[in-house]
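To keep things clear, I will list the structure first and then write my remarks on it.
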Amino acid sequence: MATKCGQQSIMLTNPVRILSCAAVAGKKEAQGPLKHCFDILSEDSYFGQPSWEKAETEMLQRCMKRCLEKAPSKSPNPELIAGGDLLNQCISSAFAAKDSALPYLGLYGACSTMAEALTIAALLIDGGAYNAALAMTGSHFCSAERQYRFPMEYGGQRTPSAQWTVTGAGAALLSSVGGPRISCLTPGCIVDTGLCDAGNMGAAMAPAAYDTITKHFADTGRDFDYYDAVFTGDLGALGHDILQDLLQKDGLNPGLKYMDCGVLIYDLRTQDVHSGGSGCGCGASVLCGHIIPAMQRGVWKKVLFAATGALMSPLSCQQGCSIPGICHAVALEMEG
């Protein structure tokens, strides 16, 4: 059974592994440097559906189906779905899961939701409640713009610090057998520095990433030398640099080991995404399409996935509230 480690980390004692995973992405993501990593690519924003919101549900359904198709024969079937998205009441993931006949835990951690889903699914398997569970999440640029900012037809100008919500999804099947093992979890605390600019989420989330990563190191006795690579979810270029500065001021120098999914998924020089990618689908699709397959190929043996989220809503923005940040960390290790 899982045991508490230090202030807020959790060490898993029973094996919890990622048996299979899948990633789906949209048209813009298919033009980026990770285009070869995704299992399914869409030629447009609709995925064959009449609206962007229904397209987001379709994207998640395809991702879940592909993940299960990739599982080895005689693999345990999932007994639970843990997932979420950015839309109000997590409707995309709920509608994607409604025909599965499986228990469903709807989660909202903003862009950190994939790490939150992995955390909950892993704890339930480690504790013996389930043999296998599916963790999944996704986001869609057009539906997120319509909900959080302006309708697409408005043609509003984006600030240089703004990020581009990734049209993408990731799903991972967890069980006691399979590939990378989830060895440690560090659920994050909310960190609010008072930032109110919804066009600068990277700056709002970076302090939360710093808080979780440094607490993970303090709890476990690990540092950057322990891991082959450390990934944040979607700080973008600006948030990536802020986090590096915070770490270096604390005497931590990650060097080239530290990467951000929001920077990796797009070519910031040629694609008009300003500071980079964001959204639930950013970290999820990069994790399931790039990071885990690379671990299986032997590129990295030990990876820390620290997904970040900006806990804002249209309502909180309308009231002039600040943007709290959150970051959940999941340690993945290939054995042997």
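The values are calculated or read from the model by the stated rules, or taken from the named source; none is laboratory data. If you're wondering where the values come from, they're calculated on a predicted model, not measured in any experiment. For neighbour counting, all protein chains shown are included, and Cβ atoms are generated from backbone atoms with ideal geometry for every residue, glycine included.
Can you find, within the range 87-108, the residue that is modelled with the lowest pLDDT among those that are assigned to a loop (DSSP other than H, G, I, E, B) and either within 17 Å of the chain's Cα centre (by Cα) or on the phi > 0 side of the Ramachandran plot (or both)?
So the residue we want is 87.
Of the candidates 102, 134, 80, the single residue that is out of contact with any helix residue (DSSP H, G or I) (no Cβ under 6 Å at 6 or more places or on another chain), of a type in the set (A, V, I, L, M) and surrounded by fewer than 19 Cβ atoms within 10 Å (Cβ to Cβ) is 102.
Within the range 107-118, residues that are farther than 15 Å from residue 312 by Cα have Cβ atoms under 8 Å from residues that are in a helix (DSSP H, G or I) in these pairs: 114/280; 114/283; 114/284; 114/287; 115/283, counting only partners at least 6 apart in sequence or on another chain. Filter the range 256-286 for residues that are part of a loop (DSSP other than H, G, I, E, B) and modelled with pLDDT of 95 or more and give the result. Once the filter is applied, which keeps residues that are part of a loop (DSSP other than H, G, I, E, B) and modelled with pLDDT of 95 or more, the range 256-286 yields only 265. Checked against the criterion of being more than 24 Å from residue 315 (Cβ to Cβ), at pLDDT 95 or above and either among the basic types (Lys, Arg) or assigned to a strand (DSSP E or B) (or both), the range 72-79 has no qualifying residue. Residues satisfying the criterion are absent from the range 33-45 (criterion: out of contact with any Leu (no Cβ under 9 Å at 6 or more places or on another chain) and among the basic types (Lys, Arg)). For the range 1-30, a tally of residues being assigned to a loop (DSSP other than H, G, I, E, B), touching a helix residue (DSSP H, G or I) at 6+ places or on another chain (Cβ under 8 Å) and more than 18 Å from residue 289 (Cβ to Cβ) returns 9. Residues in the range 172-193 that are in a loop (DSSP other than H, G, I, E, B) and in contact with a Gly (Cβ under 9 Å, 6 or more places away or on another chain): 188, 190, 192, 193. Only one of the numbered conditions (1) surrounded by fewer than 21 Cβ atoms within 10 Å (Cβ to Cβ); (2) part of a strand (DSSP E or B); (3) of a type in the set (Gly, Ala, Ser) is not met by residue 251, and that is (2). Within the range 248-257, can one find any residue that is under 19 Å from the mean Cα position of the chain (by Cα) and within 29 Å of residue 22 (Cβ to Cβ)? Scanning the range 248-257 turns up at least one residue that is under 19 Å from the mean Cα position of the chain (by Cα) and within 29 Å of residue 22 (Cβ to Cβ).
Hey, any hits in the range 34-55 for a residue that's crowded, with 24+ Cβ neighbours inside 10 Å, part of a helix (DSSP H, G or I), touching a helix residue (DSSP H, G or I) at 6+ places or on another chain (Cβ under 8 Å) and at pLDDT 95 or above? No: zero hits.
Residue pairs whose Cβ atoms lie under 6 Å apart, separated by 6 or more positions or on different chains, with the first residue in the range 257-276 and closer than 14 Å to residue 236 by Cβ and among the hydrophobic types (A, V, I, L, M, F, W, C) and the second assigned to a strand (DSSP E or B) and at pLDDT below 90, are 265/277; 273/164. Here residue 230 passes the criteria (1) under 23 Å from residue 264 (Cα atoms); (2) in contact with a Cys (Cβ under 9 Å, 6 or more places away or on another chain); (3) part of a strand (DSSP E or B) except the one numbered (2).
Note on the range 169-203: residues that are at pLDDT below 95, surrounded by 24 or more Cβ atoms within 10 Å (Cβ to Cβ) and farther than 21 Å from residue 238 by Cα total 0. Of all the numbered requirements in (1) under 21 Å from residue 281 (Cβ atoms); (2) in contact (Cβ under 8 Å) with a residue 24 or more places away in the chain, residue 90 misses one, and that requirement is (2). Scanning for something of a type in the set (A, V, I, L, M, F, W, C), closer than 20 Å to residue 92 by Cβ and part of a helix (DSSP H, G or I), does the range 294-314 turn up at least one residue? No, the range 294-314 contains no residue that is of a type in the set (A, V, I, L, M, F, W, C), closer than 20 Å to residue 92 by Cβ and part of a helix (DSSP H, G or I).
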